[in-house]
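One structure below.
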Amino acid sequence: MYLHEAQTQQLLAQLDSGKLDCAILALVKETEAFIEVPLFD
């Protein structure tokens, strides 16, 4: 596993292109196309 820090737009582009398998993001409108899994309550 590799950890990578980047801005939300960069992470979303990498998720969309298949360069990333998953990301930990704040919920924003741009993430609606992805599946959200809560880490904790």
Item checked: Output for segment 1-13, where each listed residue is of a type outside the set (Val, Ile, Thr), surrounded by 11 or more Cβ atoms within 10 Å (Cβ to Cβ) and outside any loop (DSSP other than H, G, I, E, B) -> GLN10, LEU11, LEU12, ALA13
Next item on the list: Name every residue in segment 14-35 that is surrounded by 13 or more Cβ atoms within 10 Å (Cβ to Cβ), at pLDDT 90 or above and either outside any helix (DSSP H, G or I) or among the small types (Gly, Ala, Ser) (or both), in order of residue number.
Entry: LEU20
Margin query: Considering only residues that are aliphatic (A, V, I, L, M) and without any contact (Cβ under 8 Å) to a residue 12 or more places away in the chain, which ones fall in segment 1-32?
Written below: MET1, LEU3, ALA6, ALA13, LEU27
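The values are calculated or read from the model by the stated rules, or taken from the named source; none is laboratory data. Given the structure is predicted, the values throughout are model-derived calculations rather than measurements. Neighbour counts run over all protein chains shown; Cβ positions are idealised from the backbone, glycine included.
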